[in-house]
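Below you'll find the structure, written out as structure tokens, and then a few comments.
The values are calculated or read from the model by the stated rules, or taken from the named source; none is laboratory data. In this text, all values refer to a predicted model and were calculated from it rather than measured experimentally. Cβ atoms come from the backbone with ideal geometry, glycine included; neighbour counts cover every protein chain shown.
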2 protein chains.
Amino acid sequence: MKFLKYAFFSLVLFVPLNLQAQKLTWAEVEPGVWKAVAGKPETFDLLKAAGAIPYHTGLVEMGTTDFPLTKTAITATIVDGKTYLRFPLDKSEQLYGFGLNFKTVHQRGKILTLHVDNYAGKDDGHTHCPTPFYVSSKGYGVFINSARYIKVYAGTAVRLDSKTPPEIQDRNTDKNWKSHPYADAVDMLVPAEGVEIYVFGGPTAMDAVRRYNLLNGGGCLPPRWGLGFTQRMQRLTDAAGAAVEAKAFEDKGYPLDFIGLEPGWQSKSYPCTFEWDKARFPDPEKFVQDMLKKDIRINLWTNPYVSPEASVFPLIKPYAATHTVWNGAVVDLTIPKARDIFFGELKKNKIDIGVSGYKMDEVDGGDTYLWPDVAVFPSGHSAEQMRQTYGLMMQRYITELYHQRNQRTYGLVRASNGGGSLLPYVIYNDYYDHHDFITALINSGFAGVLWTPEVRASKTAEEWLRRFQSNIFSPMAMINAWASGTKPWTFPEVAEQVKQMANLRMQMMPYWYSEFAKYHFQGIPPFRAMDLEPGFKVVEVAKSTSNKKVNLEENPYEDVSAKEIKDQYMAGENILVAPMFTGQTSRTVILPKGKWYDFYTGKLAGDGQMITVTPGLDKIPVFVKDGGIIPMMPVMLHAPKADQKVDIEVRYYGEKPGAYRLYDDDGETFNYEKGNYSFREIKVERINGEITGHISGAITGKPNTIGKVTYKMMTE
Amino acid sequence: MKFLKYAFFSLVLFVPLNLQAQKLTWAEVEPGVWKAVAGKPETFDLLKAAGAIPYHTGLVEMGTTDFPLTKTAITATIVDGKTYLRFPLDKSEQLYGFGLNFKTVHQRGKILTLHVDNYAGKDDGHTHCPTPFYVSSKGYGVFINSARYIKVYAGTAVRLDSKTPPEIQDRNTDKNWKSHPYADAVDMLVPAEGVEIYVFGGPTAMDAVRRYNLLNGGGCLPPRWGLGFTQRMQRLTDAAGAAVEAKAFEDKGYPLDFIGLEPGWQSKSYPCTFEWDKARFPDPEKFVQDMLKKDIRINLWTNPYVSPEASVFPLIKPYAATHTVWNGAVVDLTIPKARDIFFGELKKNKIDIGVSGYKMDEVDGGDTYLWPDVAVFPSGHSAEQMRQTYGLMMQRYITELYHQRNQRTYGLVRASNGGGSLLPYVIYNDYYDHHDFITALINSGFAGVLWTPEVRASKTAEEWLRRFQSNIFSPMAMINAWASGTKPWTFPEVAEQVKQMANLRMQMMPYWYSEFAKYHFQGIPPFRAMDLEPGFKVVEVAKSTSNKKVNLEENPYEDVSAKEIKDQYMAGENILVAPMFTGQTSRTVILPKGKWYDFYTGKLAGDGQMITVTPGLDKIPVFVKDGGIIPMMPVMLHAPKADQKVDIEVRYYGEKPGAYRLYDDDGETFNYEKGNYSFREIKVERINGEITGHISGAITGKPNTIGKVTYKMMTE
């Protein structure tokens, strides 16, 4: 009786809450991409801030697929003015993504607050790009289109009414008692009264990643020169110093496509004036043009905080937030007039005179220097929303300036977020752990951004070379000498090896450029986790790393997470890179199923197994899949010009027939958006130990930069 | 022209925001305590959760004072559904409080998110008691009565329109460029559409702290036995084991007032059944009563998470949150019916049979095991609100059970918050850094809570003794052996010194008890920072610690914060304690202005200066102020009973005439609330090297436990 009375009482209590649960309606907004709306979404969100427009053609080409989850298992409830989201999670699933994490690839079991921030050494959601997007090993993806600090419980929160509850154990006596019981859902708290939810179909995790990037408009396509080598000079350099640096690269025979100017080109910085320093740069236009004549472009560092001493300050002040950053005004980038003034300043005497791009610093955090969450912006957008999108908007509107000139740019930025895949910027930070830099490179492929494991300074020649070797297999091959003043040849004992690596970067430009084209047109991240590679199965890893047979049924996600692989990655369609770290002389590499060959020698390395390699100091282990084709060009000190014909050496590995789509366009303009590009089909076959190669003909009316094509059989 | 147009445009933009700025009206709700309401405060807040009722009499006795700030300089704005608060801050001000911090006493320059949590090694606001209360060195206090995660910028956020802006520097060339410019305000973000704000007048910081505690109802008054010694037994002990333990203390002559039973008294734990384990405790009532006959009380560990295997589970389930903690149901303590059931279970066969109190574990966090922020509670209170108040409510409602029996309790809890000063619980955690434990003890005096630097295990006899020595000068003298099974005599080489310290704790009971009475009736924290002691000036410290003369005008808060003192503290009205840490043989102590004397010898130690002391291993440096009186009782193994007369030795230090208010009541009931107590006035004077002492007579009708009073001149 008593119990019944309580039960009844509780029902009364529950009713009002249940009424708040939303029924989600899923609309297929693009093939294989579904959208649902919970509550009343905010008018300002990540996709709007990024100006993302889906690359419909690419999504259509992928075709459609089934909705990957049980729709009724996805719930949204508006409570306390916030949106609580819940997504189902199987015992055997692993999760990837949730932004640019530095220490972990597997995200199941994490609790994260997705918050644009300076990375502070902990994968807790505070990072330079906390994309609210995750991918499951089961082959689907989820994106939350909110510019808020989203709290994520990635398989940690256990419900009382769970249909697959964890085992109840007695800690008093049960030695196997777990402090973190199994949880069957991903819970999220979006601090807003509504939000747009996107689900991406598979069947593979890669398909979901591709659909996410294509929904963003596709990945960015840098100019060819962006894939060359760049040197960021020490702060306070002057025009003469930059010229001397450029000449040194040429004289010593190191490739160089663009030079970055760090603090010092402006008359004052922190806060910034955005005006050239007259003493260090008496004639900026002549300086920039003289460098361009040497095929060297200039990239300018800045942060966006406007000094009261800047001539633009009086115009900007009405559009500034209540709070400053290093005493600089924070411009409300959501106000068109404010953008006219601010980006007009970044254009004037900079982009106008031939500057190739910007490095946009300190749009990330941390709290101790960025604007506080109590800052008020004139548009009424909250400090939180601005914090989550400032980096996105900086990228977007600078890119638009270049788009107006039909000139591609490629720069650096310290913060991005969901929606930003198309923006041609590479993320960097002040952190410098080589292992974690590689983990970030792996995770960048899940976050819809690019990341560079930049080389700054090193304690030893070995460290210098090891960092350089992985850096050339990344989106931006760069030395950032802003503080150290280092050069590629800073360590004479490895200067020659560094040069060989820089040359290799240039030789591989046709490959890199084609892979970025696939990032743009197909959404395939050029640098990504092994977990996205067919035939790479964690269960394989488990078997090959442990003697005891692994039973993933009995021992699910704990085991999976124990086998996290974060020291090797895929670079484009055909290449597996296994960096070496200071002190290492040998390392293990896990090869996916199928034959893999040594990139340098063409020799068979293994097939779906863990191998141990001892590559020596001169190079790092790189492997090519069976039938893999790597189009190479001759060593050049600068990227080819728009109309310059370049001979191609097609390197072919293994035994299977090989096919490759070689991308071609002018390499500098946005004309590819109007279809002014081509993919040339390369086919190679091995018949009686001899290879025959073929490339489809150039298409009339499209740019054609491909000269003589030769074929090289790497595997004897 | 153009500029004017922009300016006008911006005005248009600003207007709607300015309209949201609240005009705060300050009402003096108690003498020297002002309250303002911003926006629409929530119906559930910290003071309501704690059930705090101001101790009006104590506040009246303090008298009133001026409003300590410029009212117009305090602003509240409702933006984005949140309340932005701003309080003025002078250059020379230092800030204290913001809850139970473990590493820092000075809070200026901090950014904190006040969030009930397990302390994870960083003073970022995540702690066991994140009281939204701060005190300024200028002599005022501010309390935000919100059960939300409040973000605090304690002098870090710089406004564009600041009237005292920081200097603008050029990082390019200015070597003195600061990454953290001076900020002239405390900004707070309260994630709610309104909040109650309290301001506490001075003129001293201590006055503000006292008013805060008195607004909470005054500090807690433990039973006398609570100030004796307590031993928490190893988990899985049984009734016989507890009896053996008690006898060992008696045989060896170590004082013991209560024993704590850790996991194992319940049939199952994590999740908990709240039912005695029949094997280990076949007859709980007989066990508890037998122990009481030996003057030893029983305290029971538990966490509040209800096992599905608990008999009370079916009754509780309707009132449980959607999510579990270690598979245990989380009861919605804001629902009266739920409380009837849950606390009824804690009462039944526990409090009913003489159990003296509870140790309420794991009501703090961390996120990886507590309920998620997306948990829904049947009452509709948010998971956030429940997280901020669960510890408060556990303390409150258990105390009410004892109040109904007119029996005082004294227990342990892992989480508290603003409003909790009156609740008779001491906070503890799993952290174990001795230095940081002392810093927490210092900060507890700003947070309106008690903290014990409990002794658990030690690597060496020295560490064991050093921890024990500071522990007996704390709110709860305790060994927590739940995991280690340690005893006071675990290290034979220091067993005798440990016994002497335990005996000293007992001898000082009249002093401790009187000081807790002052905590209750006057709001004076019994354990607190030097910064609250008259004559203790950081500028003094600066002068005595640095050769160069310090100019606080030129070099304000940076210098102040550099001189943070966190390794010595005040224990009651007259005592300064300077703990020794493992490895230390000597240390410096900063004595406030006025003469200070060695507690053990009565010898003059110094006057407003820094001294270096080498106390040896047997004791830690303790000093008594000039004219200081310490009432002592004979060594006893258990606290005196309610009606037991105890002789008092009045120890007198120094030269000045001494006065002390000795508190007396029955020591066990709540009758003091009905005025059934007395403060006996002790006066001691030194005339021609001889001292004369006098104590005011007992008041008829009030409890009188004071036997023969003798006077001892400590200083020759």
Discussion item. Condition check: in contact (Cβ under 8 Å) with a residue 40 or more places away in the chain, within 14 Å of chain B (Cβ to nearest Cβ) and of a type outside the set (D, E, K, R). Does residue A:191 satisfy that?
Written reply: yes
Response to the item:
Checked B:178, B:122 against criteria (modelled with pLDDT under 95, of a type in the set (D, E, K, R), closer than 27 Å to residue A:115 by Cα and in the same structural domain as residue B:87 (by TED's automatic domain parsing)); the one match is B:178
Worksheet, complete the sentence: Over region B:363-383, the set of residues acidic (Asp, Glu) and out of contact with any Lys or Arg (no Cβ under 6 Å at 6 or more places or on another chain) is B:367
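Please determine, by comparing only the residues of region A:297-330 that are among the β-branched types (Val, Ile, Thr) and within 26 Å of residue A:234 (Cα to Cα), which one is nearest to the other protein chains (Cβ to nearest Cβ).
So the residue we want is A:325.
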Fill in: Test: residue in region B:634-646 that is touching a Lys or Arg at 6+ places or on another chain (Cβ under 8 Å) and part of a strand (DSSP E or B)
no
Practice prompt. Look through B:292, B:346, B:333 and report the one residue that is under 22 Å from residue B:411 (Cα atoms), crowded, with 24+ Cβ neighbours inside 10 Å, away from chain A (no Cβ under 12 Å) and not acidic (Asp, Glu).
Written response: B:333
Fill in: Long-range neighbours under 8 Å by Cβ, at least six apart or interchain, first residue within 14 Å of another protein chain (Cβ to nearest Cβ) within region B:91-116, second among the aliphatic types (A, V, I, L, M) and outside any strand (DSSP E or B)
B:108/B:89; B:108/B:560
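Does residue A:649 qualify as being in contact (Cβ under 8 Å) with a residue 60 or more places away in the chain, assigned to a loop (DSSP other than H, G, I, E, B) and of a type in the set (Asp, Glu)?
When the stated conditions are applied, residue A:649 does not pass them.
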Worksheet item: Hey, among A:156, A:173, which residue is within 14 Å of chain B (Cβ to nearest Cβ), polar (S, T, N, Q) and free of Cβ contacts under 8 Å to residues at least 12 places away in the same chain?
Response: A:173
Item to complete: Could you please give the count of residues in region B:387-407 that are closer than 16 Å to residue B:222 by Cβ and touching a strand residue (DSSP E or B) at 6+ places or on another chain (Cβ under 7 Å)?
Response: 2
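Taking the options A:429, A:443, A:480, A:471, name whichever one is in contact with a Pro (Cβ under 6 Å, 6 or more places away or on another chain) and more than 22 Å from residue A:665 (Cα to Cα).
Answer to the check: A:471.
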Worksheet item: Any residue at all in region A:673-681 that is part of a strand (DSSP E or B), out of contact with any helix residue (DSSP H, G or I) (no Cβ under 9 Å at 6 or more places or on another chain), of a type in the set (D, E, K, R) and surrounded by fewer than 18 Cβ atoms within 10 Å (Cβ to Cβ)?
Response: yes
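Residues are listed down the side, and each one gets a yes or a no for (1) touching a strand residue (DSSP E or B) at 6+ places or on another chain (Cβ under 8 Å); (2) in the same structural domain as residue A:129 (by TED's automatic domain parsing); (3) surrounded by 19 or more Cβ atoms within 10 Å (Cβ to Cβ); (4) among the polar types (S, T, N, Q):
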{"residue": "A:23", "(1), (2), (3), (4)": "no, yes, no, no"}
{"residue": "A:28", "(1), (2), (3), (4)": "yes, yes, no, no"}
{"residue": "A:38", "(1), (2), (3), (4)": "yes, yes, yes, no"}
{"residue": "A:69", "(1), (2), (3), (4)": "yes, yes, yes, no"}
{"residue": "A:72", "(1), (2), (3), (4)": "no, yes, no, yes"}
{"residue": "A:75", "(1), (2), (3), (4)": "yes, yes, no, yes"}
{"residue": "A:91", "(1), (2), (3), (4)": "no, yes, no, no"}
{"residue": "A:95", "(1), (2), (3), (4)": "yes, yes, yes, no"}
{"residue": "A:99", "(1), (2), (3), (4)": "yes, yes, yes, no"}
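Across region A:349-385, what is the number of residues that are among the aliphatic types (A, V, I, L, M) and more than 9 Å from chain B (Cβ to nearest Cβ)?
Number of matching residues: 6.
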Worksheet item: Hey, does region B:618-632 have a residue that's surrounded by fewer than 16 Cβ atoms within 10 Å (Cβ to Cβ), at pLDDT 95 or above and either in a loop (DSSP other than H, G, I, E, B) or not β-branched (Val, Ile, Thr) (or both)?
Response: yes
Worksheet, complete the sentence: Selection from region A:571-613 of residues closer than 17 Å to residue A:653 by Cα, in a loop (DSSP other than H, G, I, E, B) and of a type in the set (Phe, Trp, Tyr) yields A:599, A:600
Worksheet item: Taking region A:645-661, which residues are closer than 15 Å to residue A:706 by Cα and either surrounded by 16 or more Cβ atoms within 10 Å (Cβ to Cβ) or of a type in the set (Gly, Ala, Ser) (or both)?
Response: A:646, A:648, A:649, A:650, A:660, A:661
Worksheet, complete the sentence: All conditions in (1) out of contact with any Ser or Thr (no Cβ under 9 Å at 6 or more places or on another chain); (2) within 13 Å of chain A (Cβ to nearest Cβ); (3) not aromatic (Phe, Trp, Tyr) are true of residue B:127 except (2)
Item to complete: Kindly establish whether residue A:481 is of a type in the set (Gly, Ala, Ser), assigned by TED's automatic domain parsing to the domain that holds residue A:247 and surrounded by fewer than 18 Cβ atoms within 10 Å (Cβ to Cβ).
Response: no
